[in-house]
Amino acid sequence: MLNIKKILVPTDFSNDAESAYPVAQKIANRFDALIDLIHVIPTAKYLNESFKKLSTPLDVDKEIYPKVIREAEQLSQKAMEIYFNEDQKGQYFVKIDRKISDTVLKHATTNGYDMIVMGAKGKHGTKLLRGGTTEKIIRNSKIPVFTVDDRLNENKLDNILMPTDCSTVSFAAFPITVELADIYNSGITLYHVMELYGSLSEDMPRKQNKSEFVSIYESIIERLNQYLANREIDKIHIQRTGVTFEDQVIITDGNQSRTIPLYTKIEKGVSAHYVIEDYAENHADLVVMATHGRSGFAHLILGSTAEKVAQYVSKPVITIRPDKDALRG
């Protein structure tokens, strides 16, 4: 299971950025983690654009940055006091740099954070459902990134969708999916798309007297249980119910256990990301997925397809970069 002790929340103090605060707090409550805020001020190269029309020249380093830093520190301190419990309250950081995403990722990596929780878009919205800075962080982060907006209703998070292409890589998203389902009292849907031009499930053996979809479903469950065993994640296992496509995740905690409903949905489609987006819009409250697939001839759900889903799906998204063992396996 996960061990989240430090959560980083990037913010530009917009309403969308603030939507990430309660989510970070809820996760911090579960893991007794600390929450830090980070705000990045763009460098003079970009600030100067705002002052081009002013007749009086300004010294950015002496006149602008000190004031902007003070204001950002005040806003950060206020946000910490309003939104975060004293036990989970960490530090706030105000930095100046040219590339916001690079600065956030460098800070997260060098300071040992376990998760980034952030708004899907900042002050400057785009046609994408996740803005440019968020998209770059998703693409390059080595730790899980949870992107949210004000559409997340944490009191009604019934179904968490986890796309899978049947590979070991895709299963890397399963442990955090289970943790979140446990936190939010949600069900989980494993979702596999058989693409027109090829998918890993094409090579799965068909079981005697069973349909194509049932054979793939049973192989997914078998592979997922094998993944958990190989990774020695002994607190989680899948229990078959005897009802096709409907199983249970059992979480063992000492002498106690908890049960999470687990559904498997398999569909055919021309392009996986369109099918995933459509299903998520109508049936999911949160999407959790791995971000890097294997190279090769198969058109996998991961990789570029995951990036497209993360950009365009209107539901909250968590992206996971698999570890090196998963990428090799």
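Report the net charge of residues surrounding LEU161, where surrounding means a beta-carbon distance below 9 angstrom and charges are Lys +1, Arg +1, Asp -1, Glu -1. Summing Lys/Arg as +1 and Asp/Glu as -1 gives +1. Each residue of segment 105-113 was assigned a 3J(HN,Hα) from its phi angle through the Karplus curve 6.51 cos²θ - 1.76 cosθ + 1.60 (θ = phi - 60°); the sequence is 5, 5, 5, 5, 6, 6, 10, x, 7 Hz, with glycine and proline shown as x.
Taking Cβ atoms as reference points and 10 Å as the exclusive limit, the residues near LYS6 contribute a net charge of -1, counting Lys and Arg as +1 and Asp and Glu as -1.
For THR110, THR291, THR259, the sequence from fewest to most other C-beta atoms within 10 Å is THR110, THR259, THR291. Taking other C-beta atoms within 10 Å as the exposure proxy, LYS308, LYS106 rank LYS106, LYS308 from fewest upward.
A short reminder: the numbers here are calculations on the coordinates, not readings from a lab. Remember, it's a predicted structure, so these values are computed and weren't measured experimentally. Positions of Cβ are generated from backbone atoms using ideal geometry, with glycine treated the same way; all protein chains shown enter the neighbour counts.
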